[in-house]
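Remarks on the structure that follows.
The values are calculated or read from the model by the stated rules, or taken from the named source; none is laboratory data. Everything numeric in this text was worked out from a predicted model, so none of it was measured. Note: ideal-geometry Cβ built from the backbone for every residue, glycine included; neighbour counts use all protein chains shown. Quick note on the areas: whole protein, heavy atoms, side chains included, nothing else; ligands and nucleic acids left out. Shrake-Rupley method; radii C 1.70, N 1.55, O 1.52, S 1.80 Å.
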Amino acid sequence: MTDYLSDLSHEFALPFTNPVLVFSLLLLIVLLAPMLLKRLNVPSIIGLILAGVIIGPFGLNFIDSGNQGVSMFSTIGLLYIMFIVGLELDLNEFIANKNKSLVFGLFTFIIPLAIGFPVIYYLLGYGFNASFLTASMFATHTLVTYPIVSRLGVSKNQAVAITVGGTILTDTAVLIILALILSNSGGGLDFSYLLKLLISLSVFSVIVFLLIPRVAKRFFQKAEGEKYLHYIFVLFVVFFCGFLAELGGIEPIIGAFAAGLALNRLIPHTSALMNRIEFFGNSLFIPIFLISVGMMVDVSVIFNGIGTLVIAFTLTLTAIFGKWLAAFFTQVIFKYSKTQRNIIFGLSSSHAAATIAVIIVGYNAGILDVYILNGTIVLILLTCIVASFVTQRSAKLLAISEENDPFAESGLGAFAQEKILVPIANPFNIGHHVELALLMKDKKSVNSVSLLGVVLNNEEAEKNIVSFRKQLQDFVQNATAAEVAVDIITTIDHNTASGIVRTARELMTDIVILGWPGRTGLLEKLLGDKVDLIIKNVDKNMFICHIEQKLITHKRIVVVSPPLAELEIGFNLWLDKVVKMSQELSLPILHLGHPHTQEVIAKRKNTGAPFTFKPFTDWHNPLSCGDHIKEDDIIIFVSAHQGYISHMSVLDNLPTRIEERFPHHSRIVVYPKQRIVGGLLHSDDSLFVPSNF
């Protein structure tokens with residue numbers, strides 16, 4: 001009995017060393033901290049950091065800061081944050097505003113440095129090297145609060161994009177300064193380091209941005225059926241890129257961010273793979289990283305004397321004021337709103353990884369003393385708390401403003417009740433148009449995507465219904481993994497066309513996505529005027545699709561619309577869906593059409609996609625637009641129903657003609673919603689469909 005009690009007391013000796021117990025404690029904190037602080041309206045990030053303070057070596061000493069398990073998960077969490085930042089970044093927005101990112105990067109680097117150096121040098125009385133290194137620490141920031149903007153759905157806002165760009169610029173610059181200061185303190189600048197850094201960055205860029213996307217693209221295509229391998233491959237890329245960066249003398253966080261950029265176009269934001277990436281990061285890796293940040297904080301330094309206290313609060317106020325000024329000048333120059341300024345400030349004011357790295361290296365080299373080290377620990381805690389509150393509040397305001405913006409969703413009530421119907425004729429030949437439906441679906445919609453099977457009314461009807469449902473279960477599981485609700489609808493009818501029309505009306509569908517006639521979808525037995533019959537009688541926004549290859553492998557979207565297309569009732573909806581495709585796939589858009597239509601699109605606020613406009617007026621031969629179309633383009637032709645404003649006779653039988661002209665391209669023909677006027681569209685009883693249809 002005595003031996004048992006002795007073993008038991010050893011297991012619970014502080015700090016805990018049993019990896020199972022340590023991990024259990026971390027999971028308990030991850031579970032309870034957000035739940036408890038939510039009642040106090042305190043961001044969960046603060047709860048995790050404070051929990052780290054309490055259980056860390058300077059608190060109750062439950063876990064030592066040198067614990068290998070915590071250290072590993074902390075490193076993974078930090079790299080994971082930077083990877084998700086690169087992955088979620090709207091590349092179109094980022095590229096379009098690269099100059100703004102550069103300006104903000106200069107502000108958030110130079111202003112804190114310019115303010116911090118005289119404060120440390122003249123006010124606190126430190127030497128040149130110590131003052132310059134400490135001031136450079138003010139210029140760094142870690143995107144600790146990025147999960148907040150991601151969770152609230154404002155990560156694609158331009159203010160977030162330029163802050164992310166500025167982060168990479170500042171952290172890289174500060175790490176170069178650290179190397180220069182260390183060289184200077186050793187007796188002279190080592191310019192060989194700069195040469196090595198330049199060569200390393202060049203080799204690193206070639207591997208990450210040229211080689212890895214090609215390998216990843218091929219891997220995703222070949223391992224289509226092994227979904228779990230996709231996630232393992234992504235993890236490998238993240239840490240391999242981090243290791244490559246470290247080999248070249250760059251911080252691993254830069255490598256993780258670059259990995260996110262490299263895979264950005266290959267992982268749609270609404271895909272099951274993206275959902276898995278965010279799930280594991282937000283539920284495990286990132287929370288443990290935040291706990292580890294708290295474990296670095298030694299609150300007792302506040303009581304080590306008035307000197308430590310003065311230095312700690314001087315460093316903290318200088319750091320916060322410098323970052324606020326950088327955000328303020330960015331707001332003034334680019335005419336951002338107050339909320340966007342606060343988003344920039346909230347994201348860029350938290351100090352953690354890069355900050356502690358700079359200070360510890362400087363301390364170990366004898367450049368900085370223990371007062372600066374302890375003051376920096378307090379700075380990390382206070383800036384993370386301030387940044388969390390500011391980011392949480394401003395991200396909520398930004399999300400509300402985007403929700404209420406009449407242009408944000410084109411005045412369509414934010415698609416809160418959007419309903420998409422995808423009729424399927426052959427479950428074994430479904431193509432990629434279900435994937436397209438999941439990509440198009442608005443996240444705000446409470447309705448599911450409906451997969452429709454029309455079964456002919458014969459003695460095999462019931463058997464065919466059961467078979468149809470079984471064959472579509474894999475698609476339902478993939479959609480569920482991506483957190484997109486999908487339901488399967490089967491109906492019995494004398495012919496496919498009337499079944500589609502009737503079901504679309506019964507469900508009050510907004511969008512119907514059809515497979516291409518005769519190729520990959522439900523209309524493979526329908527030709528010519530029979531296709532037109534369905535188009536004529538489905539009074540919904542219709543997308544007739546043939547996707548030649550996986551959506552992520554395309555490089556551009558080309559939209560061709562007829563004159564007066566902007567006057568159709570479905571104009572806003574199809575334009576929003578094209579924009580969403582562009583955002584999800586990070587693809588630019590080329591619009592070919594009438595200059596007035598292009599003017600209307602250009603004037604729309606918050607289009608959120610990079611449009612390039614080229615006038616197209618040859619509507620006697622609309623397929624001559626092929627001169628502007630490249631091999632990996634998605635072609636979207638906007639047509640119109642007969643008798644409507646933008647209809648031209650040359651648009652009749654458009655799907656068949658497009659297939660002949662572009663047989664190997666991904667193509668979509670859009671028929672905007674019709675205006676239901678005085679019996680133009682009749683009920684199902686009056687719908688005439690030939691008996692042999």
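Some observations on this one:
- Ordering R604, R151 by accessible surface, largest first, gives R151, R604; the 1.4 Å probe counts only protein heavy atoms, with every chain in place.
- Cα gyration tensor category, rounded, prolate or oblate, for the range 222-263 with a/c compared to 1.5: prolate
- Virtual spin-label span in nm between K443 and V20, 7 Å along Cα→Cβ: 3.9
- Length added when fully stretched, H664-D369, from 0.36 nm per residue minus Cα-Cα: 99.5 nm
- Spin-label pair L28/H628, simplified geometry with 7 Å Cα→Cβ offset, distance in nm: 6.4
- One decimal place: the segment V215-Y231 gains 4.3 nm when fully extended, by the rule 0.36 nm per residue minus the C-alpha distance.
- Using a simple spin-label model with pseudo-atoms 7 Å out from Cα toward Cβ, K550 and T612 lie 2.5 nm apart.
- Calculated FRET efficiency for the pair N99/A461, C-beta based, R₀ 51 Å, to 0.05: 0.25
- Working ranking of peptides 339-352, 563-576 by packing, defined as the average number of other Cβ atoms within 10 Å per residue, highest first, is 339-352, 563-576.
- Prolate/oblate/rounded label for the range 579-671 (Cα gyration tensor, a/c 1.5): oblate
- At a probe radius of 1.4 angstrom, the accessible area of the range 566-617 per residue rounds to 37 square angstrom.
- Share of carbon and sulfur in the accessible heavy-atom surface of the range 33-109 [1.4 Å probe, %]: 66
- Nonpolar atom fraction for the range 190-315, defined as the carbon and sulfur part of the 1.4 Å probe accessible area, stands at 72 percent.
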